[in-house]
Amino acid sequence: MRKRARCGLLLILASVWAGPLPAAVTPAENVLAFSRDLRDQTKLRHVLYLRPRADSVAPRAAYVLLPYRGGESDNMADLVGAAQLVRDHDIWVIIPEAVNGYWNYKMLLGAASVPDDVKFLSRVIDEAVAAYGLDARRIYMGGYSGGAMMTIRYACERPEKIAGAALVGGQLIRTLAPRCSTAAPVPMAFVNGELDPVGAYNGDATLMSSPDSAAFWAQLNGCDALPVHEQLPDTVNDGTRIELDRYGGCRQGQAVRLYTVRQGGHTWPGAVDFSPSLGRTSQDLNASEAFIRFLLSFSR
């Protein structure tokens, strides 16, 4: 359970943004972490920010990272090594939390769905750009599990707001596909475990398979129909291996990637803090590092 400062609650309730709060994130050299509570209708929603300690003349890129179901922002930051990404790549990482731990990616009530997470995430982006001078042309999004699913929905509905997306444990919901069919191209990287016990790799009545999700996105981006397939080096004896499908020839230089973790579960490659019930975690890939290197090659 995170330790959060809660002093001045009445002042927080009286304002849209709370003042910066200390954040319980494992520190990294030359990285600052702070948090704010943002009012969203009747609720206060927690947002964690990690930034380089030094100021920059040039606007910095930001990776908006959405936690798994029930995930808290500081736990998500530690899970994926967000502070190390900030330190090593001179970027911001922004981690907003879902209402009651659930992202509204299914749209069960259509336009009337509450909370309106698409609107909320757009607001997080816009206010961060305005308040902290971030580079609006280099805002990226990603997530894990439910956060991955929400990332896909956001890329479908607000593609003009992000320059790329990269996610673990998410596939396209079949009923969402029509909303995506006219979306502007967004570079996308998927990581999915072959033995994922949460979202079936081969799909089901609700979800497209992982390969079909990547192929759908590649078609949306005007990429070549067939990907270039390769097997990544099996560097760690952990019972997994990783295959990469790269879709090239895309419009406007976009790209789509699918990392398939053979014998892998519903886990973030390169991380260590997972329940065995979620399956194997591959150490043959640092997904966080691969994502940032992929994303930073794109801008809007």
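No value in this document is a laboratory result; all are computed from the given coordinates. In this text, all values refer to a predicted model and were calculated from it rather than measured experimentally. Quick reminder, even Gly has a Cβ in these numbers, built from the backbone with ideal geometry, and neighbours come from all protein chains shown.
From the convex hull of the Cα coordinates of segment 52-189, what is the mean projected area in square nanometres? Numbers along the way, then the final one.
On the way: hull surface 32.8 nm².
The directionally averaged projection comes out at 8.2 nm².
Suppose we take every Cα in segment 183-248 and form the convex hull; what volume per residue is that in Å³? Spell out each step's value before the answer.
Values: hull volume 6.8 nm³, N = 66.
Cα-based convex hull of segment 183-248, divided per residue, equals 103 Å³.
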Using Cα pairs closer than 8 Å and at least 6 residues apart in sequence, work out the relative contact order for segment 188-235, in percent.
20
Percent antiparallel among DSSP beta bridges confined to segment 9-295, rounded to 5, stands at 55
Restricting things to alpha carbons, find the Rg to Rh ratio for segment 114-167 using the Kirkwood radius for Rh.
0.96
Once Thr235 and Gln41 are pulled to full extension, the length gained, defined as 0.36 nm per residue separation minus their Cα-Cα distance, is 65.0 nm
Dipole axis of segment 157-219 (+1 Lys, Arg; -1 Asp, Glu on Cβ), positive-most option in Val186, Val198, Gly170:
Val186
With each label point set 7 Å from Cα along the Cα-Cβ vector, what nm distance links Ser277 and Leu226?
4.3
Would you kindly calculate the mean projected area, averaged across all directions, of the convex hull enclosing the Cα atoms of segment 191-300, in square nanometres?
7.4
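Would segment 227-287 count as rounded, prolate or oblate if I go by the C-alpha gyration tensor, calling it rounded below 1.5 in a/c and otherwise prolate when a/b exceeds b/c, oblate otherwise? Spell out each step's value before the answer.
On the way: a/c = 2.86, a/b = 2.05, b/c = 1.39.
Prolate.
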To the nearest 10 degrees, how steeply does helix 146-157 sit against the main Cα axis of the chain, on a 0 to 90 scale?
90
In nm², what is the average projected area of the convex hull enclosing the Cα atoms of the chain?
15.2
Quick one: length gained pulling Glu243 to Lys119 fully straight, 0.36 nm per residue minus the C-alpha distance?
41.1 nm
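With the cut-off at 1.5 for a/c, could you classify segment 139-182 from its C-alpha gyration tensor as rounded, prolate or oblate? Walk me through the numbers before you get to the answer.
Values: a/c = 2.54, a/b = 1.06, b/c = 2.39.
Since a/c reaches 1.5 but b/c is at least a/b, the shape of segment 139-182 is classed as oblate.
Determine the sum of side-chain charges near Thr151: Lys and Arg each +1, Asp and Glu each -1, restricted to other residues whose C-beta is under 13 angstrom from that of Thr151. Write down the numbers at each step before the final one.
Numbers: positive: Arg153, Arg158, Lys161; negative: Asp117, Glu157.
Net of charged neighbours comes to +1.
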